[in-house]
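Visitor: Have a look at this one before I ask anything.
The values are calculated or read from the model by the stated rules, or taken from the named source; none is laboratory data. Bear in mind that the values here come from a model prediction, so they are computed numbers and not experimental data. In this analysis, Cβ positions are derived from the backbone assuming ideal geometry, glycine residues included, and neighbour counts consider all displayed protein chains. When the accessible area is computed, the model is the full protein with side chains, heavy atoms only, and any ligands, DNA or RNA have been set aside. Shrake-Rupley method; radii C 1.70, N 1.55, O 1.52, S 1.80 Å.
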Amino acid sequence: MKTRHILLLCLIFVGFWLRVANVDRSDFRGDEAFTVQYWMMPPLSESLQTYIAIDPQPALAYASYRMWGQAVGLSEFAVRMLPVLVSTLAIALMFRFARQVTKNDRVALIATLIWTVQPFLIWHAQDARNYAIWSTLSLLSLWLALRALERDTPRTWIAYVTAVAVTGYVYYLELFLMFALSVYVLFAYWLCWRVYAKWAGAMLTVGAILAPWYLQPEISSGGGYSGTTTGFDFARLFIDFPEALAFGTALPGALDAWLWVVVYVALAAGLAVVLRNNWKHALLLGSIAIVPVVLLSIVTLRLNVLAPRYVMGVIPAWALVIALLANRGGRWIGGGLVAGWIALSFVGTYTYHTDQPKAPDWNALSIYLAENAAADDLVIQTSVDPGFGYYYNDVYRIPVDELALPASPEQPADEIEAQLASLSREYDSLWLAAQGFTDWPSYGVVETWLEANMQRVIDTDPAGLRAEQYMPWDVSSDEITTDAPLAVFGDVAELVDVRVVQPPQPTGELVVWAYWRPMVQTDSPYKVFLHMAGDFNPATNSPLWAQDDREPQNGRAATDVWEPGTLYRDVYTLPGVNTVPEGDYTLLMGMYDPVTGERLTIDGGGDAYTIDTIALP
């Protein structure tokens with residue numbers, strides 16, 4: 001076995017390891033969840049008829065994932081292994097492409113090394129979409145195009161036409177690469193009519209193969225699809241794209257300020273070196289590296305599709321330009337360039353693998369809601385993320401209604417507020433789940449309305465995701481489980497009922513709901529205390545381990561203004577109960593005058609009502 005083959009096998013092993021490591025570390029992000037829900041779960045015929053306008057992807061994207069899901073299942077590991085394996089195969093194709101261009105094993109191996117460890121490619125290799133599959137097939141098409149132009153045999157032309165047609169059925173923007181190669185052919189074979197004729201024949205054949213799909217009304221018209229990112233933004237295009245296409249998007253912030261300059265300088269220097277040695281190579285690599293980005297910029301004038309993933313096909317050319325520059329720089333300069341480039345790539349990959357999960361922990365949020373939301377509640381998720389819907393509805397099948405609100409960035413505030421008013425009457429409580437998009441014009445409307453019109457009774461964040469429960473201020477008699485008051489505090493108020501929300505919240509608080517029925521208004525506002533007592537606590541020099549002292553409803557129902565005979569729900573939280581020693585703890589509640597410190601006595605004696613004794617692990 002030749003040395004180049006041994007080194008290539010080593011690169012394939014390293015590339016596979018980088019792509020499979022922690023592949024199931026995070027939940028599906030929104031687009032991945034959409035893949036599972038609408039590409040893999042329904043019959044293929046239903047997906048192609050119903051969802052192509054909503055998620056405009058070619059037929060083979062749907063078909064490949066549908067067949068893969070039928071074979072291996074729908075877990076995060078199983079689904080993501082398809083792009084992992086296909087992207088690993090591309091390592092060998094990158095070597096073949098680079099060698100086809102340069103006829104130099106050393107340069108081809110350097111370019112393949114750069115491509116193998118590129119963090120953006122690794123990120124998408126762990127992403128259950130068609131980008132990794134497309135970038136692999138695009139590499140195959142590039143290599144076969146150059147072979148067809150060089151060898152000019154029926155077999156090589158048929159191979160290229162087949163490969164690029166298949167690639168076009170996996171991702172639409174392969175058309176950008178086809179156009180870039182056409183620019184190369186136009187100028188590299190200037191007025192060579194025989195080559196022009198064969199290339200035009202190949203393009204027309206590919207067009208005829210793609211036409212039955214591409215010319216469907218739902219596809220050609222766009223089906224109302226406007227994109228999911230942003231429109232044209234020169235600053236983002238000029239600064240963010242170079243870093244993403246060279247080193248991914250997970251580098252520490254300190255590097256972002258200048259790294260794009262390094263990328264530009266390296267690419268310009270590389271193309272200059274290539275131009276001095278072989279103008280056709282410079283034309284080929286320049287066309288592949290630049291033309292798709294220009295075409296995407298033009299498209300973004302109409303659609304919101306300004307994202308580096310849409311031009312991933314340029315990365316092989318970028319890697320080869322850097323490899324040629326390094327090869328020309330000699331052992332020290334060239335070696336330093338490659339070492340620095342690879343080091344930055346590993347930093348980006350390490351950051352992605354350890355600090356930047358692909359998606360929020362929808363599993364944790366869904367489990368929490370399954371354990372705490374009741375059948376007559378409604379869960380409102382403001383993130384409008386298919387990932388939440390997938391875990392909530394398809395994985396855990398939680399029997400509690402859920403709704404995305406705002407439904408869109410442009411949904412009017414008055415429409416949202418009217419919907420919330422109706423929902424608050426229809427359901428016992430409303431849960432607010434996950435975080436919304438701060439750049440949406442409708443951001444904050446839901447939160448503001450709930451805070452102004454309902455009582456927040458739970459406020460926590462499982463795995464860093466918001467979970468808040470809101471209930472009407474007016475207490476329903478259905479909430480009361482007792483026939484008689486639990487305790488009467490002096491002649492001031494009855495403690496009608498108490499609910500201890502178990503287990504403690506993910507943030508470590510124990511939540512207690514107390515239901516008060518005032519008997520009189522006091523001259524000055526009294527406070528209520530909730531204490532958790534246990535064995536001796538050295539920190540407090542007493543049996544007290546946690547407490548919450550406050551006026552009823554934080555002053556909204558202060559004892560000097562509350563209405564006698566009205567039923568009030570009051571919420572108390574005992575912080576840090578997840579850090580106390582294992583054992584049994586007693587919950588005590590009382591009422592006192594904060595000026596004198598004098599506690600009200602309760603009927604039956606004493607100045608505190610024992611709610612319950614709880615066991616904490």
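Visitor: Tell me which of these residue 339 doesn't satisfy, since it passes every other one: (1) open to solvent by 40 Å² or more (accessible area, probe 1.4 Å); (2) among the hydrophobic types (A, V, I, L, M, F, W, C); (3) under 26 Å from the mean Cα position of the chain (by Cα).
Guide: If we test residue 339 against (1) open to solvent by 40 Å² or more (accessible area, probe 1.4 Å); (2) among the hydrophobic types (A, V, I, L, M, F, W, C); (3) under 26 Å from the mean Cα position of the chain (by Cα), just (3) comes out false.
Visitor: While we're here: From the residues in the stretch 32-44 that are open to solvent by 50 Å² or more (accessible area, probe 1.4 Å) and closer than 18 Å to residue 392 by Cα, which one is farthest from the chain's Cα centre (by Cα)?
Guide: 41
Visitor: Looking at residue 133 and the list (1) open to solvent by 10 Å² or more (accessible area, probe 1.4 Å); (2) farther than 23 Å from residue 249 by Cβ; (3) at pLDDT 95 or above, which single condition is not satisfied?
Guide: Status for residue 133: all satisfied but (2).
Visitor: List the number of the failed condition for residue 54; all other conditions in (1) under 23 Å from residue 310 (Cα atoms); (2) within 21 Å of the chain's Cα centre (by Cα); (3) surrounded by 20 or more Cβ atoms within 10 Å (Cβ to Cβ) hold.
Guide: Tallying (1) under 23 Å from residue 310 (Cα atoms); (2) within 21 Å of the chain's Cα centre (by Cα); (3) surrounded by 20 or more Cβ atoms within 10 Å (Cβ to Cβ), residue 54 fails exactly one: (3).
Listed here are the residues, each with its yes/no results for (1) more than 30 Å from residue 421 (Cβ to Cβ); (2) acidic (Asp, Glu); (3) open to solvent by less than 40 Å² (accessible area, probe 1.4 Å); (4) in a helix (DSSP H, G or I).
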{"site": "463", "(1), (2), (3), (4)": "yes, no, no, yes"}
{"site": "483", "(1), (2), (3), (4)": "yes, yes, no, no"}
{"site": "496", "(1), (2), (3), (4)": "no, no, yes, no"}
{"site": "499", "(1), (2), (3), (4)": "no, no, no, no"}
{"site": "503", "(1), (2), (3), (4)": "yes, no, no, no"}
{"site": "508", "(1), (2), (3), (4)": "yes, no, yes, no"}
{"site": "511", "(1), (2), (3), (4)": "no, no, yes, no"}
{"site": "514", "(1), (2), (3), (4)": "no, no, yes, no"}
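Visitor: Which residue, of 306, 365, is open to solvent by less than 30 Å² (accessible area, probe 1.4 Å), out of contact with any Gly (no Cβ under 6 Å at 6 or more places or on another chain) and in a helix (DSSP H, G or I)?
Guide: Sole residue among the options that is open to solvent by less than 30 Å² (accessible area, probe 1.4 Å), out of contact with any Gly (no Cβ under 6 Å at 6 or more places or on another chain) and in a helix (DSSP H, G or I): 365.
Visitor: List the pairs whose first member sits in the stretch 277-301 and is without any contact (Cβ under 8 Å) to a residue 60 or more places away in the chain, whose second member is surrounded by fewer than 18 Cβ atoms within 10 Å (Cβ to Cβ), and whose Cβ atoms are under 7 Å apart, counting only residues at least 6 apart or on separate chains?
Guide: From the stretch 277-301, the pairs are 282/275.
Visitor: Residue check: is residue 545 outside any loop (DSSP other than H, G, I, E, B) and either surrounded by 12 or more Cβ atoms within 10 Å (Cβ to Cβ) or touching a residue at least 24 places away in the same chain (Cβ under 8 Å) (or both)?
Guide: yes
Visitor: Moving on. Among the residues of the stretch 85-119, write down those that are in contact with a Lys or Arg (Cβ under 8 Å, 6 or more places away or on another chain) and open to solvent by 10 Å² or more (accessible area, probe 1.4 Å).
Guide: Answer for the stretch 85-119, where residues must be in contact with a Lys or Arg (Cβ under 8 Å, 6 or more places away or on another chain) and open to solvent by 10 Å² or more (accessible area, probe 1.4 Å): 88, 100, 105, 109.
Visitor: Still on this structure, please answer the following. Of the residues that make up the stretch 144-166, is at least one part of a loop (DSSP other than H, G, I, E, B), free of Cβ contacts under 8 Å to residues at least 24 places away in the same chain and open to solvent by 10 Å² or more (accessible area, probe 1.4 Å)?
Guide: Within the stretch 144-166, one or more residues are part of a loop (DSSP other than H, G, I, E, B), free of Cβ contacts under 8 Å to residues at least 24 places away in the same chain and open to solvent by 10 Å² or more (accessible area, probe 1.4 Å).
Visitor: Follow-up. Whether any residue in the stretch 91-110 is in contact with a helix residue (DSSP H, G or I) (Cβ under 9 Å, 6 or more places away or on another chain) and without any contact (Cβ under 8 Å) to a residue 12 or more places away in the chain is what I want to check.
Guide: Yes - at least one qualifying residue is present in the stretch 91-110.
Visitor: Moving on to the next point. What is the one condition in (1) assigned to a helix (DSSP H, G or I); (2) surrounded by fewer than 22 Cβ atoms within 10 Å (Cβ to Cβ) that residue 319 does not satisfy?
Guide: (2)
Visitor: Looking at (1) open to solvent by less than 40 Å² (accessible area, probe 1.4 Å); (2) more than 26 Å from residue 186 (Cα to Cα), can you tell me which one residue 324 breaks?
Guide: The single condition residue 324 does not satisfy is (2).
Visitor: Follow-up question, since we're still on this one. Has the stretch 328-339 got at least one residue that is closer than 30 Å to residue 267 by Cβ, in a helix (DSSP H, G or I) and among the aromatic types (Phe, Trp, Tyr)?
Guide: Within the stretch 328-339 (the criterion being closer than 30 Å to residue 267 by Cβ, in a helix (DSSP H, G or I) and among the aromatic types (Phe, Trp, Tyr)), the answer is yes, since at least one residue qualifies.
Visitor: Now for a different question. Any residue at all in the stretch 6-23 that's over 18 Å from residue 87 (Cβ atoms), in contact (Cβ under 8 Å) with a residue 40 or more places away in the chain, open to solvent by 10 Å² or more (accessible area, probe 1.4 Å) and not in a helix (DSSP H, G or I)?
Guide: Scanning the stretch 6-23, I find no residue that is over 18 Å from residue 87 (Cβ atoms), in contact (Cβ under 8 Å) with a residue 40 or more places away in the chain, open to solvent by 10 Å² or more (accessible area, probe 1.4 Å) and not in a helix (DSSP H, G or I), so the answer is no.
Visitor: Looking at the stretch 568-576, is at least one residue in contact with a strand residue (DSSP E or B) (Cβ under 8 Å, 6 or more places away or on another chain), closer than 26 Å to residue 476 by Cβ, among the polar types (S, T, N, Q) and buried (at least 17 other Cβ atoms within 10 Å of the Cβ)?
Guide: Within the stretch 568-576, one or more residues are in contact with a strand residue (DSSP E or B) (Cβ under 8 Å, 6 or more places away or on another chain), closer than 26 Å to residue 476 by Cβ, among the polar types (S, T, N, Q) and buried (at least 17 other Cβ atoms within 10 Å of the Cβ).
Visitor: Take residue 77 and tell me if it is surrounded by fewer than 21 Cβ atoms within 10 Å (Cβ to Cβ) and either within 25 Å of residue 241 (Cα to Cα) or at pLDDT 95 or above (or both).
Guide: Criteria met by residue 77.
Visitor: With respect to residue 423, is the statement that it is modelled with pLDDT of 95 or more, aliphatic (A, V, I, L, M) and closer than 27 Å to residue 508 by Cα true?
Guide: no
Visitor: Checking residue 200 against (1) part of a helix (DSSP H, G or I); (2) within 30 Å of residue 19 (Cβ to Cβ), which test does it fail?
Guide: (2)
Visitor: In the set 606, 534, which member is outside any strand (DSSP E or B) and either surrounded by fewer than 13 Cβ atoms within 10 Å (Cβ to Cβ) or at pLDDT below 95 (or both)?
Guide: 606
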